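Since the structure comes first, as structure tokens, the remarks are kept for the end.
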Amino acid sequence: MATASPSDAAAPDVAAAVLGLARSRPATLGGSRLVCVDGPSGSGKTTLAARIAGRAGADAVVVHTDDLLDGWDDLPGLPARLAILLEPLASGRASAYRRYDWHAGAYAEEVPVPPTPLLVVEGVGAGARLLDPWRTVLVWVGAREEVRVARGVARDGAAVEPHLRRWRRAEADHFAHEATAARADLRLDTSGT
């Protein structure tokens, strides 16, 4: 497992390294490679996933676990939902999921996920053990708690802070149960970025 320094964590070179590692390994999701970017809220997972996909170009599709959750208390159900999404792709078939609309508090449109050379799944829960048979690379993105809290409030507003406190407890329990950081191929600390 490699570790990047805080100043390197958000750099495009990290995205290139992740993409290079994925491409150096055999396809694990049918004919595709699956990169999972996991870590606590506010750590920089979405930013890194976008950079990985940007480097891969048209070969990449990104799925955000936030879009699959059924609200703030649904983390325990996420791994099974991700497995349902991945099963058709592992057989070379298209898949889809219903996107959760956080403002409406309900599921919205269906989002197609075609077979693609690179699927990037980012968000809390992306590194669940249930996905191990299909995963090519697991990246853990972390940051100091005070940095993550500030980012979360800046991104989502102060009104979500009570939800974020509850969510942080749920994600800590999830990560302890899954040993996600310890199982990662690459760990990044974005505290300094």
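Output needed: percent of Cα pairs per 10 Å distance bin for region 49-129, bins running from 0 to the one holding the longest distance.
Reading upward from the zero bin: 18, 50, 30, 3.
Taking amide H atoms as placed 1.01 Å from N in the peptide plane, list the residues 5 or more away in sequence, or in a different chain, whose amide H sits under 5 Å from that of Val63.
Val120, Val121, Glu122
Please list 3J(HN,Hα) in residue order for region 58-66, calculated via the Karplus relation 6.51 cos²θ - 1.76 cosθ + 1.60 where θ = phi - 60°; whole Hz, with x for glycine and proline.
These are the phi-based 3J(HN,Hα) values: 5, 6, 10, 10, 10, 10, 9, 4, 4 Hz.
Where both partners of a DSSP beta bridge lie in the chain, what percent of those bridges are antiparallel, to the nearest 5?
Numbers: 7 of 28 bridges.
Taking every DSSP beta bridge within the chain, about 25 percent pair in antiparallel fashion.
How many percent of Cα pairs in the chain exceed 23 Å?
On the way: 7183 of 18528 pairs.
Here the long-distance tail beyond 23 Å is 39 percent of all Cα pairs in the chain.
So who's got an amide H within less than 5 Å of the one on Gly142, skipping anything under 5 residues away but keeping other chains? H placed 1.01 Å off N, in plane.
For Gly142, whose amide H was placed from the backbone, the distant partners under 5 Å are Leu188, Asp189, Thr190.
Hey, how many Å between the Cα centroid of region 143-193 and the Cα centroid of region 35-96?
Their Cα centres are 16 Å away from one another.
For the chain, what is the calculated [θ] at 222 nm in deg cm²/dmol (nearest 500), taking -39500 (n - 2.57) for each run of four or more DSSP H residues and dividing by its residue count? Each step should come with its number before you reach the end.
Numbers: 6 runs with 72 residues, N = 193.
Value at 222 nm, helices only: -11500 deg cm²/dmol.
Using θ = phi - 60° and the Karplus curve 6.51 cos²θ - 1.76 cosθ + 1.60, what whole-Hz ³J(HN,Hα) does each residue of region 127-141 get, with Gly and Pro shown as x?
The phi angles translate into x, 4, 4, 4, 8, 3, x, 9, 7, 9, 9, 10, 10, 9, 10 Hz.
Just to be sure I understand the curve: with the Debye formula and one point per C-alpha of region 115-162, what is log10 I(q)/I(0) at q = 0.17, 0.22 Å⁻¹?
-0.70, -0.86
When the Karplus curve 6.51 cos²θ - 1.76 cosθ + 1.60 is applied with θ = phi - 60°, which whole-Hz ³J(HN,Hα) does each residue of region 147-161 get, with x for Gly and Pro?
5, 5, 5, 4, 5, x, 5, 5, 6, 10, x, 5, 5, 8, 4
List every residue whose amide H lies under 5 Å from the amide H of Ala96, counting only residues 5 or more places away in sequence or on a different chain, with H placed 1.01 Å from N in the peptide plane.
Val113
Using just the Cα positions, wrap region 100-193 in a convex hull and report its mean projected area in square nanometres, one decimal place.
Convex hull of Cα atoms, orientation-averaged projection: 7.8 nm².
No value in this document is a laboratory result; all are computed from the given coordinates. Quick caveat: nothing in here was measured; it's all calculated off a predicted structure.
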